[in-house]
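The values are calculated or read from the model by the stated rules, or taken from the named source; none is laboratory data. The structure presented is a predicted model; accordingly, all values stated were derived computationally and were not measured. As a convention, Cβ positions derive from the backbone with ideal geometry for all residues, glycine included, and neighbour counts pool all protein chains shown.
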């Protein structure tokens, strides 16, 4: 009995020891597993980048690049639209050379970079017709040309700028739709309806600036929207006779065009023209002095009464006074009006005025006469001396 009890105690301790050992081993294993499953943040990647190249399909040159970066394992489809949005200007995607494979997600090791081939855009033309809204007749055309995919709004203002002369846009028949861009298949052409402009009249009044009396009128008529400067010269051409524009009372404003609501009529102030007075006549020139009369010759020597000496030459008649000088541009009064008696001009035998050479000849004649006179005087003195000596 005692032996049996001792055997049972030993068996119980063995069971408890095995159980404890099992529990300890389980705890130790759990701690080991926990240590092995803790994340190592220092070596785990959180973002991935996919490099995108745009190459010219004709030259294979790189014409643009794009880097797409996102969280690791993010689906690539969420960012793929950016590839189309960043195609270089002037190019479009070459649908015949699309990539064989796209990445499934950011960090996909099978596709780390992408190449997209693009081709240059061709020019696209949008024809515009202007039609008369009343007759539907074609009155003008316009051609708008730009690169494919260019926004139409960048050129739409040209439609208004090229409306035919004499017409305006019919606001009741505007196009239902405009193209979004050049090449938009929804609107390949445009028709714009226009209506003829009515004639517009601008009345012009000419008023005397002193009396404010109306002295003339003018009516200028042209199509609506015609530039006023094309007709403004008619205002100056139609100023009433005997008047000129009063430069101190010019209109404050002129109309920019026919139909300009800011200026519907024009008043021009004019002043009477005044004639200028006549200038004073010039003074008459002074008459020339008369020449001195020549001396008579002396009697000759000898017992008989000598022959009478030659008579001295008559002095030359003085020249006429200076010509009449006019101090103004007015016509001088006639001689009869002044009461002066004109001197008779001395002429030679040929009826010509004395010339410079003739004057020199007269001077030589006078010198010869003086020489003869001196010789005669010396002869007389010699005869008188001989008489005294005899």
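Kindly evaluate residue 141 against the criterion of being under 33 Å from the mean Cα position of the chain (by Cα) and either under 25 Å from residue 58 (Cβ atoms) or in a loop (DSSP other than H, G, I, E, B) (or both). Before you say what the answer is, go through the steps one by one.
Working: under 33 Å from the mean Cα position of the chain (by Cα): yes; either under 25 Å from residue 58 (Cβ atoms) or in a loop (DSSP other than H, G, I, E, B) (or both): no.
No: the conditions fail for residue 141.
Tell me, please, whether a residue that is touching a helix residue (DSSP H, G or I) at 6+ places or on another chain (Cβ under 7 Å), touching a residue at least 40 places away in the same chain (Cβ under 8 Å) and not assigned by TED's automatic domain parsing to the domain that holds residue 187 can be found in region 84-105. Among the residues of region 84-105, at least one is touching a helix residue (DSSP H, G or I) at 6+ places or on another chain (Cβ under 7 Å), touching a residue at least 40 places away in the same chain (Cβ under 8 Å) and not assigned by TED's automatic domain parsing to the domain that holds residue 187, which makes the answer yes. Looking across region 217-262, just one residue is in contact (Cβ under 8 Å) with a residue 40 or more places away in the chain and either closer than 14 Å to residue 205 by Cα or more than 30 Å from the chain's Cα centre (by Cα) (or both), and that is 249. Those strands (runs of 3 or more DSSP E) of region 175-278 in which at least 2 residues are outside the structural domain of residue 127 (by TED's automatic domain parsing) and farther than 30 Å from residue 146 by Cβ, considering only elements entirely within it, cover 199-208, 214-223, 243-245, 266-272. Being within 26 Å of residue 123 (Cβ to Cβ) and at pLDDT below 90 is a description that does not apply to residue 78. Reported count of residues in region 90-136, each being loosely packed, with under 13 Cβ neighbours inside 10 Å and in a loop (DSSP other than H, G, I, E, B), is 12. Which residue is nearest to residue 146 (Cα to Cα), if the candidates are limited to region 162-174 and must be assigned to a loop (DSSP other than H, G, I, E, B) and over 32 Å from the mean Cα position of the chain (by Cα)? Result: 174. Restricting attention to region 44-89, report how many residues are in a strand (DSSP E or B) and under 23 Å from residue 181 (Cβ atoms). Residues in region 44-89 being in a strand (DSSP E or B) and under 23 Å from residue 181 (Cβ atoms): 5 in total.
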